[in-house]
Amino acid sequence: MTEPVPSFELLPGDAGSPVLLHVPHSARAIPGRVRDGIVLDDSALERELDHITDAHTAEIAARAAELAGITPWRFVNRLSRLVVDPERFPDEREEMTAVGMGAVYTRTTHRGELRPAGTDPEPLLARYYRPYAEAMREAVAGRLAATGRAVVIDVHSYPSEPLPYELHGSGPRPPVCLGTDAFHTPDELTEAARKAFARCGETGLDSPFAGTYVPLEFYGTDARVGALMVEIRRDTYMTEPGGPAGSGLERLATALATLVDAV
């Protein structure tokens, strides 16, 4: 069966750019056969999508690419994270499995039932998760081959008030949270991000969300791959939980473009 939209898309940038803007959680699309496995009715599903989707982050990344002096590459998930979450480990390494939100979610943001207990994740992992992971690996390998390095910048957002699923929701919630990795996030990358987003308010590190996304082939072994997660608090650019974007979007896109050019 043909999918109504592509699962993901690699949007080429400048041949000499090492930067890959990764947008994994911006979409709301759910293929019909995946929808059939979700127990929520349509209105409840729309509410869940309002809470779980990083709304307008694809637009922020697209606008940043337009504004940047050297156009970055973009890798954009075109399906909702309720299909699979490409940033979660598919095994016991994933701490979010404790709340039913591993690579294939079985619980909602409010810890209600999303899929029946005992749902086999393998069909979704095979159809969506592994092809996505391989395509991201190839995208990073392409930047390494072309430029000798790669910088993966994840573009996310998060709600101004913690949701029940959050494991670390009691910490600071700054306008911009920078997620880092001890191996893949050099100090100069973090500092460049702090400077770029200074115009958007306070920046913080690894709270309420920590870490970065690096394809497993490179993770912890290839220092040529840099990575940073940019988590934007939603009330700074949109109406929560799933409403329209406001003027803050352009300010954030300009800051992201500044970061792209700095690295």
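The values are calculated or read from the model by the stated rules, or taken from the named source; none is laboratory data. Just so it is clear, the structure is predicted and the values come from calculations on it, not from any experiment. Neighbour counts run over all protein chains shown; Cβ positions are idealised from the backbone, glycine included. Calculation scope for accessible area: heavy atoms of the full protein, side chains included, ligands and nucleic acids excluded. Shrake-Rupley method; radii C 1.70, N 1.55, O 1.52, S 1.80 Å.
Structure notes:
- Residue in region 154-171 that is touching a helix residue (DSSP H, G or I) at 6+ places or on another chain (Cβ under 6 Å), closer than 21 Å to Ala245 by Cβ and hydroxyl-bearing (Ser, Thr, Tyr) present: yes
- Some residue of region 121-139 being charged (D, E, K, R) and either more than 19 Å from the chain's Cα centre (by Cα) or at positive phi (or both): yes
- Selection of first residues in region 112-136 that are closer than 21 Å to Asp41 by Cα and of second residues that are of a type in the set (Asp, Glu) and open to solvent by less than 40 Å² (accessible area, probe 1.4 Å), restricted to Cβ pairs under 9 Å at least 6 apart or on distinct chains, gives the following pairs, ordered by first then second residue: Gly112/Glu48; Leu114/Glu48.
- Looking across region 84-99 at every residue that is touching a residue at least 60 places away in the same chain (Cβ under 8 Å) and not in a helix (DSSP H, G or I), the one that is most open to solvent (accessible area, probe 1.4 Å) is identified as Glu87.
- Met136 assigned to a helix (DSSP H, G or I) and open to solvent by less than 10 Å² (accessible area, probe 1.4 Å): yes
- Taken over region 100-121, the criterion of being basic (Lys, Arg) and either assigned to a strand (DSSP E or B) or within 13 Å of Ile52 (Cα to Cα) (or both) is satisfied by Arg107, Arg111.
- Residue list for region 139-151, restricted to those being part of a loop (DSSP other than H, G, I, E, B) and surrounded by 15 or more Cβ atoms within 10 Å (Cβ to Cβ): Arg149
- Test for Ser26: is it modelled with pLDDT of 95 or more, out of contact with any Pro (no Cβ under 7 Å at 6 or more places or on another chain), within 19 Å of Thr212 (Cβ to Cβ) and small (Gly, Ala, Ser): yes
- Region 186-201 residues that are within 18 Å of Asp154 (Cβ to Cβ) and assigned to a helix (DSSP H, G or I), paired with ones that are at pLDDT below 95 and open to solvent by 30 Å² or more (accessible area, probe 1.4 Å) (beta carbon under 7 Å, 6 or more apart): none
- Among the residues making up region 169-208, a single one is at pLDDT below 95 and closer than 16 Å to Ala262 by Cβ: Arg199.
- Within region 15-29, being open to solvent by 40 Å² or more (accessible area, probe 1.4 Å) and either within 25 Å of Gly246 (Cα to Cα) or in contact with a Cys (Cβ under 7 Å, 6 or more places away or on another chain) (or both) holds for one residue alone: Arg28.
- Restricting attention to region 1-23 and to residues that are at pLDDT 95 or above and among the hydrophobic types (A, V, I, L, M, F, W, C), the residue that is farthest from Tyr158 (Cα to Cα) turns out to be Ala15.
- Single residue of region 100-133 satisfying the filter (among the basic types (Lys, Arg) and farther than 21 Å from Leu216 by Cβ) that is surrounded by the most Cβ atoms within 10 Å (Cβ to Cβ): Arg115
- Single condition Glu217 does not satisfy, out of (1) in contact with a Cys (Cβ under 9 Å, 6 or more places away or on another chain); (2) surrounded by fewer than 16 Cβ atoms within 10 Å (Cβ to Cβ); (3) touching a residue at least 40 places away in the same chain (Cβ under 8 Å): (1)
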